[in-house]
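Chemist: Sharing a structure with you now.
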Amino acid sequence: MPSKPSLTEDDFSCPVCYDIFREPLLLSCSHSICKSCLHTFWQQRGVLECPICRTVSSTPELPLNIVLHNMCEAVLKERNRRMSVEMEGLCSIHHEVLTLFCVKDQRPLCTKCKDSRLHSRHTVCSVQEASQDLKHVLQMKLKPLHEKIRIYKDFRQSCLNTGEHIKKQSKNTEAMIRREFEKLHQFLRDEEEARLAVLKEEEEQRSQTMKKKIDKITIQISSVLDTINAVEKQIQGEDLPFLLNYNTSLERTQAKLENPEKLSGVLINVAKHLSNLSFQVSEKMHGFVQYTPVVFDPNTAHAGLIVSDDLITVAYKDELRQLPDNSERFEGYASVIGSEALIQAHIAGMSRLETTQPGPWESSQSLCMSTEKISHGLVYGI
């Protein structure tokens, strides 16, 4: 009759933490995972899926795998008992001193264990020799971990430096935005003052015209009133004087008086001042605001290139600046990338380059730089 296959601790190990199951939960796909391992995995992934087969669970409330849980508890109890005995230097089976080590099973043995059928064909050495060999193995295994720690610390420092750089970028960019908008605000204020001045000048001209008309008509009113008063006085006087002055009075009443002309062209030309005002100002602003077809992305500039605040000029220096180690930045070549949105606006690879070095690339010269179309922009290199 064939013997039953023996179970090892590996058969009761969680596939996530590789330790013996602690509170194993049963998923709908029949896999079991430690409760803490599963919840941590779900928090990291944001999806209620199985870490092994990626089957999604419909609910976070999963039942405990009671059978597996009880078996694991028994395995843990036995392991703790065995470890307690072995910590005293005794074999948990034969209660003899552990002086040997099985290389295959990676566990200490007593002399009786060595002669047993389980270990008779295994390579065995002394505990001291095994300890030295395995300590050396662990020391070698620690080397990449120490190197990983160094990499992690360097990356953390890089993140800290990048965080400070982000704050500096934000502050500088905010200042640039405020300066640019202040220019626009000043332009609009100047334009407003100019248009208000034109309006005020027209108002004064129109008002002066109306004053002249008012003065003229006032004189005419005074003259007619004088005539009316004189004639009425004659009418109320004695008969003989009235008759003697009748013809004169009649002539005064029959004097030809022209009616005042209807007012024309004296009102403020509101249409001229307000017609398409916003459009006219924006059209005028086009001459004030400079459009640059190619701008440089400072986040991609080599450490030896300094991109100006307005992103349209580049200065080259031998001294490399301390910049964030982001993947977009050029390292091997003194290059910089143009904006993706402006690829179509690129004109014959021409741009402005400034340098602090004497030689063929003086700051007053324009340099035609080599261009290469890439997935997210144009590369400008020297």
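Chemist: Pairs only if they're at least six apart or on different chains, beta carbon under 8 angstrom, first in the stretch 221-235 and farther than 13 Å from LEU257 by Cα, second aromatic (Phe, Trp, Tyr); list them, first residue then second.
Modeler: GLN234/PHE242; GLN234/TYR246; ILE235/PHE242
Chemist: Oh, and also: Could you list, in sequence order, the residues of the stretch 306-364 that are more than 21 Å from ASN172 (Cβ to Cβ), charged (D, E, K, R) and either modelled with pLDDT under 80 or crowded, with 16+ Cβ neighbours inside 10 Å (or both)?
Modeler: Listed by number, the residues that qualify are GLU340, GLU362.
Chemist: Next up: Does GLU180 meet the test of being part of a helix (DSSP H, G or I), closer than 22 Å to PRO298 by Cβ, out of contact with any Ser or Thr (no Cβ under 8 Å at 6 or more places or on another chain) and modelled with pLDDT under 90?
Modeler: Numbers: part of a helix (DSSP H, G or I): yes; closer than 22 Å to PRO298 by Cβ: yes; out of contact with any Ser or Thr (no Cβ under 8 Å at 6 or more places or on another chain): yes; modelled with pLDDT under 90: yes.
Judged against the criteria, GLU180 is a match.
Chemist: Of (1) within 60 Å of the chain's Cα centre (by Cα); (2) assigned to a helix (DSSP H, G or I), GLY265 satisfies all except one. Which?
Modeler: The single condition GLY265 does not satisfy is (2).
Chemist: Look through GLU129, GLU192 and report the one residue that is part of a helix (DSSP H, G or I) and under 30 Å from LEU90 (Cα atoms). Steps first, please.
Modeler: Numbers: GLU192 fails: under 30 Å from LEU90 (Cα atoms).
GLU129 is the lone residue from the list that is part of a helix (DSSP H, G or I) and under 30 Å from LEU90 (Cα atoms).
Chemist: Quick check on my filter: what residues within the stretch 67-99 are touching a strand residue (DSSP E or B) at 6+ places or on another chain (Cβ under 9 Å) and not acidic (Asp, Glu)?
Modeler: Result: LEU68, HIS69, CYS72, VAL75, LEU76, ARG79, GLY89, LEU90, CYS91, VAL97, LEU98, THR99.
Chemist: Hey, another quick one. Return the residue satisfying two criteria in turn: it lies in the stretch 171-211 and is under 32 Å from the mean Cα position of the chain (by Cα), loosely packed, with under 12 Cβ neighbours inside 10 Å and among the hydrophobic types (A, V, I, L, M, F, W, C), and of such residues it is nearest to ILE268 (Cα to Cα).
Modeler: PHE181
Chemist: Right, something else. If a residue has to be closer than 13 Å to SER36 by Cα and part of a strand (DSSP E or B) to count, how many in the stretch 6-25 make the cut?
Modeler: The number of residues fulfilling the criteria is 3.
Chemist: Considering (1) over 38 Å from the mean Cα position of the chain (by Cα); (2) small (Gly, Ala, Ser); (3) farther than 23 Å from ASN80 by Cα, say which one SER13 fails and leave the rest.
Modeler: Single failed check for SER13: (3).
Chemist: Would you check if there is a residue in the stretch 19-26 being modelled with pLDDT of 90 or more, more than 39 Å from the chain's Cα centre (by Cα), among the aliphatic types (A, V, I, L, M) and over 30 Å from PRO108 (Cβ atoms)?
Modeler: So the first thing to find is which residues in the stretch 19-26 are modelled with pLDDT of 90 or more, and the list is 21-26.
Checking the rest, the ones that are also more than 39 Å from the chain's Cα centre (by Cα) come to 21-26.
Of the ones still in play, those that are also among the aliphatic types (A, V, I, L, M) are 25-26.
Adding the requirement that they be over 30 Å from PRO108 (Cβ atoms) leaves 25-26.
The answer is yes; a qualifying residue exists.
Chemist: Oh, and also: Residue under question is SER58, and the condition is that it be surrounded by fewer than 13 Cβ atoms within 10 Å (Cβ to Cβ) and under 30 Å from VAL47 (Cβ atoms); does it hold?
Modeler: Values: surrounded by fewer than 13 Cβ atoms within 10 Å (Cβ to Cβ): yes; under 30 Å from VAL47 (Cβ atoms): yes.
When the stated conditions are applied, SER58 passes them.
The values are calculated or read from the model by the stated rules, or taken from the named source; none is laboratory data. This is a predicted model, so every value here is computed, not measured. Reconstructed Cβ throughout: ideal geometry from the backbone, glycine too, with neighbour counts over all protein chains shown.
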